[in-house]
Amino acid sequence: MSASATDPTTTDAWARLTELAAGYRPDLRGALADADWVRKSTLQAADLHVDLSKNLLTPDVWRALRALAAEIGVEARRDAMFAGAHINSTEGRAVLHTALRQPEGAVVMADGDDVVPAVHEVLARVYAFADKVRSGEWTGATGRPIATVVNIGIGGSDLGPVMAYEALKPYRQDGLECRFISNIDPTDAAEKLSGLDPETTLFVVSSKTFGTLETLTNARLCRSWLLDGLGAGVDRKDAVAKHFVAVSTALDKVADFGIDPDNAFGFWDWVGGRYSVDSAIGTTLAVAIGPERFAELLAGFHAMDEHFRTAPLEQNVPAQMGLLNIWYTNFLGAHTHAVLPYSQYLHRFPAYLQQLTMESNGKGVRWDGSPVTTETGEVFWGEPGTNGQHAFYQLIHQGTRLIPADFIGFANPAHALKDGDVDVHELFLANFFAQTKALAFGKTPDEVRAEGTAERLVPARTFTGNRPTTSIMAPALTPSVLGQLIALYEHITFTQGAVWGIDSFDQWGVELGKQLALQVAPAIAGDRSALDAQDASTQGLIDYYHQHRKA
Ligand code: F6P
């Protein structure tokens, strides 16, 4: 890679896109009347059927976006990522989450070593562990099998596992529950530990760095809960060995915590936290759904990786969706992007995507340190349909803001119909399809009048239409399809970061708050000089706390 990032705003394609945006008059009614447009705008990536036709685009815009990718060298940067180049420049690291889902026998070099054998060695250990817990062979300190696995982690060490655990609920083993503690708010641990039996509870401490305050605090709290609960008759060291395993890149720190290194699963610094659900960070998930299903999840990721790596730009779904986001963000003024899964099981998917996209692309400088000269990083948000329809869709339909939205749905319901059941899934999908149609076509004042609406209500009941959506469908929400969806958004995020010239793989923006929390904590605890060192607003907040905290 060259030493400096390209400023995208200086490219010819950027100038062309600016020109196209200035003259752009959206006409989705016209575009959707053209079956050829819809056919050409509908792509396949692995099992995902992606209809881009309801976006605010023209063939000229597509061409200019692809020209932008070519001028920036998006494909070269993609190839550099897959080849193990140190594209995470501020941390001096390769970015190889794609190696985590390579099949055995593939070769991926990082810093002179083929990393695939090590990936599969760890996977084999994770799978063996998962099998032991699932079969009851793994027992706690009093000899009882495990009934509950509690994952302790935060950010990428929590959001991916919990999202996938929820998404793949039908694939979980009966009688084996998983819970997830992430927040340092003590109520999180209290709630999640509530009702659990220490004898049958196993903790998975998940932390890439094994230095994260929240996770270590919660892990200590859980260790005390366990030892108190097991009572004095149980050997403490043995209890921790049988009830605690760890996932980390810092295995020395795992040992310092008292966890047997034999019960630790490693991964590598070339896996970013928000890209790690497919590493050993997925251990809790592997216990829940079993090794076979976990392997299917990885195969789904890999299928999307292969699509992204090999499909030409005009067929490349993640690249196209990333470029589309550039168009909306930088040329049409969108600030946010909604992700609306028509699947209750995907209820944590938008939250997961928030870390993936916003921690990756919420940057104001490029990877060479130069300031960006255009907007980056949209706000991603969403909720499952149809719940969102009765909450915030009003703003998407009739508000003043442009909000591109991805709708995600499945041809098959998660649970098969029994004889005589009403097929509610069809009604569910009807809502999905109707919403994208309503957003695209809107309703003109004349159409409103034709319904006999009083003239004074016509403006309020008019829908402008021309509100962009992408429809993503798959046969069913299987482990493989979930892997494909996650990888799709990883590569969309990559494409946007590549165009903006930013390092999508660091997260320095979370550091300052962490540092200051360590300075504020003693002030709250009563240290006079620490309190004096605070600004007047922070002192006021601490005073309020001291006055109102009950003994
Ligand atoms: O605070 C940001 C962050 O570093 C995320 O990137 C990461 O996923 C999370 O904290 C948890 O970090 P760790 O896995 O090292 O505990």
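The values are calculated or read from the model by the stated rules, or taken from the named source; none is laboratory data. None of these values were measured; they are calculated from a predicted model. Cβ: placed from backbone, ideal geometry, glycine included. Neighbour counts: every protein chain shown. Accessible surface is based on the protein model in full, side chains and every heavy atom, while ligands, DNA and RNA are left aside. Shrake-Rupley method; radii C 1.70, N 1.55, O 1.52, S 1.80 Å.
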Taking Thr90 as meeting all but one of (1) among the hydroxyl-bearing types (Ser, Thr, Tyr); (2) under 19 Å from Ala311 (Cβ atoms); (3) assigned to a loop (DSSP other than H, G, I, E, B), write down the number of the exception. (2)
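Within segment 170-183, identify whether any single residue is within 16 Å of the ligand (Cβ to nearest atom), part of a helix (DSSP H, G or I) and either at negative phi or open to solvent by less than 10 Å² (accessible area, probe 1.4 Å) (or both), and answer yes or no. Talk me through it step by step, then tell me what you get.
Narrowing segment 170-183 to residues within 16 Å of the ligand (Cβ to nearest atom): 180-183.
Subset that is part of a helix (DSSP H, G or I): none.
No, segment 170-183 contains no residue that is within 16 Å of the ligand (Cβ to nearest atom), part of a helix (DSSP H, G or I) and either at negative phi or open to solvent by less than 10 Å² (accessible area, probe 1.4 Å) (or both).
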Can you find, within segment 91-109, the residue that is nearest to Ser276 (Cα to Cα) among those that are crowded, with 19+ Cβ neighbours inside 10 Å and aliphatic (A, V, I, L, M)? Leu100
From the list Ile396, Ile408, Ile403, which residue is open to solvent by less than 90 Å² (accessible area, probe 1.4 Å), among the β-branched types (Val, Ile, Thr) and in a loop (DSSP other than H, G, I, E, B)? Ile403
With the condition being within 14 Å of Ser157 (Cα to Cα) and touching a strand residue (DSSP E or B) at 6+ places or on another chain (Cβ under 7 Å), I'd like the helices (runs of 4 or more DSSP H) fully within segment 200-269 carrying at least 2 qualifying residues. 213-230
Would you mention how many residues in segment 354-378 are away from the ligand (no atom under 16 Å from the Cβ), within 29 Å of Leu340 (Cβ to Cβ) and hydroxyl-bearing (Ser, Thr, Tyr)? 2
Would you check if there is a residue in segment 231-244 being more than 22 Å from Gly136 (Cβ to Cβ) and within 16 Å of the ligand (Cβ to nearest atom)? no
What number goes with the only condition from (1) in contact with a strand residue (DSSP E or B) (Cβ under 7 Å, 6 or more places away or on another chain); (2) touching a residue at least 40 places away in the same chain (Cβ under 8 Å) that Met358 does not pass? (2)
Considering residues of segment 142-158 that are near the ligand (Cβ under 8 Å from one of its atoms) and not small (Gly, Ala, Ser) only, the residue least open to solvent (accessible area, probe 1.4 Å): Asp158
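Within segment 192-203, does at least one residue satisfy the condition of being among the hydrophobic types (A, V, I, L, M, F, W, C) and either near the ligand (Cβ under 9 Å from one of its atoms) or under 25 Å from Leu356 (Cβ atoms) (or both)? Walk me through it before giving the result.
At the first step, the residues of segment 192-203 found to be among the hydrophobic types (A, V, I, L, M, F, W, C) are 193, 196, 202-203.
Going one step further and asking which of them are either near the ligand (Cβ under 9 Å from one of its atoms) or under 25 Å from Leu356 (Cβ atoms) (or both), we end up with none.
No, every residue in segment 192-203 fails to be among the hydrophobic types (A, V, I, L, M, F, W, C) and either near the ligand (Cβ under 9 Å from one of its atoms) or under 25 Å from Leu356 (Cβ atoms) (or both).
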Tell me, yes or no, whether segment 492-509 has at least one residue that is farther than 18 Å from Gly272 by Cβ, away from the ligand (no atom under 16 Å from the Cβ) and touching a Gly at 6+ places or on another chain (Cβ under 8 Å). yes
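Could you tell me which of the residues Asn55, Asn88 is closer than 18 Å to Asn325 by Cα and open to solvent by less than 30 Å² (accessible area, probe 1.4 Å)? Step through it out loud before you land on a result.
Numbers: Asn88 fails: closer than 18 Å to Asn325 by Cα.
Being closer than 18 Å to Asn325 by Cα and open to solvent by less than 30 Å² (accessible area, probe 1.4 Å) holds for just one of Asn55, Asn88, which is Asn55.
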Counting only residues that are outside any loop (DSSP other than H, G, I, E, B) and either within 19 Å of Val287 (Cβ to Cβ) or in contact with a helix residue (DSSP H, G or I) (Cβ under 6 Å, 6 or more places away or on another chain) (or both), how many does segment 100-115 have? 2
For Thr310, work out the one condition from (1) on the phi > 0 side of the Ramachandran plot; (2) without any contact (Cβ under 8 Å) to a residue 12 or more places away in the chain it doesn't fulfil. (1)
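Kindly establish whether Thr462 is buried (at least 24 other Cβ atoms within 10 Å of the Cβ), farther than 30 Å from Arg293 by Cα, hydroxyl-bearing (Ser, Thr, Tyr) and in contact with a strand residue (DSSP E or B) (Cβ under 8 Å, 6 or more places away or on another chain).
Values: buried (at least 24 other Cβ atoms within 10 Å of the Cβ): no; farther than 30 Å from Arg293 by Cα: yes; hydroxyl-bearing (Ser, Thr, Tyr): yes; in contact with a strand residue (DSSP E or B) (Cβ under 8 Å, 6 or more places away or on another chain): yes.
Criteria not met by Thr462.
Is it true that Ser471 is open to solvent by 30 Å² or more (accessible area, probe 1.4 Å), modelled with pLDDT of 95 or more and either within 30 Å of Lys437 (Cα to Cα) or not acidic (Asp, Glu) (or both)?
Values: open to solvent by 30 Å² or more (accessible area, probe 1.4 Å): no; modelled with pLDDT of 95 or more: yes; either within 30 Å of Lys437 (Cα to Cα) or not acidic (Asp, Glu) (or both): yes.
No.
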If only one of Ala476, Ala533 is surrounded by 14 or more Cβ atoms within 10 Å (Cβ to Cβ), under 26 Å from Ala167 (Cα atoms) and either within 16 Å of the ligand (Cβ to nearest atom) or in contact (Cβ under 8 Å) with a residue 12 or more places away in the chain (or both), which one is it? Ala476
Tally time: how many residues in segment 262-294 are under 17 Å from Gly211 (Cβ atoms) and open to solvent by 40 Å² or more (accessible area, probe 1.4 Å)? 2
